[in-house]
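The values are calculated or read from the model by the stated rules, or taken from the named source; none is laboratory data. None of these values were measured; they are calculated from a predicted model. With ideal geometry, Cβ positions are generated from the backbone for all residues, glycine too; neighbour counts draw on all protein chains shown.
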Amino acid sequence: MSNPKCGQCGNTHLLKDDTRGELVCNKCGTVVTQDELDTAPEWRAFDPQQQAQRTRTGAPLTFTKHDKGIATEIGKGSGELYRVSVKKRAQYYRLRKWNKRLTKSKDRNLSYSLSELARQVSYLGLSKAVHEEVGRLYEKAVTRGLVRGRSMESIITALIYAVAREQGSPRTLSELSAASGIEKREIGRAYRYVAREIGIRILPATAAEYIPRFSSLLGLSGKTQAKAKKILGDAVDEEVTSGKGPTGVAAAALYIAAVLQGERRTQRDIADVVGVTEVTIRNRYKDLVEKLGIEEEVEKKAAEVENKVEPRN
């Protein structure tokens, strides 16, 4: 029932009694529904081994596999032959042969492409949610014939680029190019094509979305990360980031925050991690400190860090 309520007093605050399978009004005590089905298992497990042994259902459906994880396949390898009698081995070979012949081209495409998707997701450190959504969109693209005549890797990489941005964990084109071995121009072309055909509409990534991952890669503390986000928030209010690349702005904000927190990283260190040039960081740095009025504070703190003498052992 959607938004159930008591038929006697109209109360919407109901209590569920799992033991009796009843839904009871906590105001007047009226039994609203009864004899509800219990979907929980009738057995108990006290450790992972018992859980695995007693479970009688398979894994949930997933778009990360070409058969959604529910299809069966005739075993491969010579070891499987010893499980059938000699008289049945010829039949076994014929069944395995026809099993391969009856596999549709779509399934063969998905079988290979989804393994490539799993490799890229693992390389980029993306979440399972991104993996599932990219798998769903790729199957949709294959069904519509969008992959025909185009590189399978480019379509997958374009979808990863789109979905990662949509779910707040964007990856740069340089990272995607390194993961897939495809040029950034080709990835951009495939992204525009797929987005137009499937109807993907995603807002551009903001600099703040890159801060957590870049901060982690640089080994910066949580205080520095929070400081960088505050700097970006002030920069957005001052309209400093308008028309600027988000990765360059995020790199400059992290550089400033690291200096202010005494965890200074060189522009070269940040440039190597972020994938932008030192010139870009330097230009975005100048824009931020001038517009926010913190140039003197940052330079003073940088001088203190540089002139600080390390204590002797």
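Criterion applied to Val259, Val273 was being more than 24 Å from Ser169 (Cβ to Cβ) and in contact (Cβ under 8 Å) with a residue 24 or more places away in the chain, and the one residue passing it is Val259. Of everything in region 183-215 that is in a helix (DSSP H, G or I) and of a type in the set (Asp, Glu), the residue that is farthest from Met152 (Cα to Cα) is Glu209. For region 226-256, a residue qualifies if it is surrounded by fewer than 19 Cβ atoms within 10 Å (Cβ to Cβ) and not in a helix (DSSP H, G or I), and the qualifying residues are Glu238, Glu239, Ser242, Gly243, Lys244, Gly245. In region 216-225, what count of residues is obtained for those that are free of Cβ contacts under 8 Å to residues at least 24 places away in the same chain and either outside any loop (DSSP other than H, G, I, E, B) or farther than 18 Å from Ala271 by Cα (or both)? Residues in region 216-225 being free of Cβ contacts under 8 Å to residues at least 24 places away in the same chain and either outside any loop (DSSP other than H, G, I, E, B) or farther than 18 Å from Ala271 by Cα (or both): 2 in total. Is it fair to say Gly188 is under 22 Å from the mean Cα position of the chain (by Cα) and at positive phi? Here the answer is no, as Gly188 does not meet what is asked.
Here is a yes/no grid of residues against (1) among the aliphatic types (A, V, I, L, M); (2) within 18 Å of Ile187 (Cβ to Cβ):
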{"residue": "Arg101", "(1), (2)": "no, no"}
{"residue": "Lys104", "(1), (2)": "no, no"}
{"residue": "Ser113", "(1), (2)": "no, yes"}
{"residue": "Ala118", "(1), (2)": "yes, no"}
{"residue": "Val121", "(1), (2)": "yes, yes"}
{"residue": "Leu126", "(1), (2)": "yes, yes"}
{"residue": "Glu132", "(1), (2)": "no, no"}
{"residue": "Arg136", "(1), (2)": "no, no"}
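Close contacts from region 84-108, counting a first residue that is modelled with pLDDT under 80 and a second that is assigned to a helix (DSSP H, G or I) and surrounded by 11 or more Cβ atoms within 10 Å (Cβ to Cβ), with Cβ to Cβ under 6 Å and a gap of 6+ residues or different chains, come to Val84/Tyr92; Arg89/Leu81; Lys106/Val142.
Scanning region 83-111 for residues that are surrounded by 13 or more Cβ atoms within 10 Å (Cβ to Cβ) and closer than 26 Å to Met152 by Cβ yields Thr103, Lys106, Asp107, Asn109, Leu110, Ser111.
Scoring Glu42 on the criteria (1) modelled with pLDDT under 70; (2) under 28 Å from Tyr112 (Cβ atoms); (3) of a type in the set (Asp, Glu) leaves a single failure, condition (2). Checking Val147 against (1) buried (at least 18 other Cβ atoms within 10 Å of the Cβ); (2) under 17 Å from the mean Cα position of the chain (by Cα): exactly one of these is not met. Which one? Here Val147 meets the rest and fails (2). For region 112-131, a tally of residues being over 24 Å from Phe214 (Cα atoms) and either surrounded by 18 or more Cβ atoms within 10 Å (Cβ to Cβ) or out of contact with any helix residue (DSSP H, G or I) (no Cβ under 8 Å at 6 or more places or on another chain) (or both) returns 3.
For the condition among the polar types (S, T, N, Q), in the same structural domain as Thr19 (by TED's automatic domain parsing) and at pLDDT 75 or above, Thr30 qualifies.
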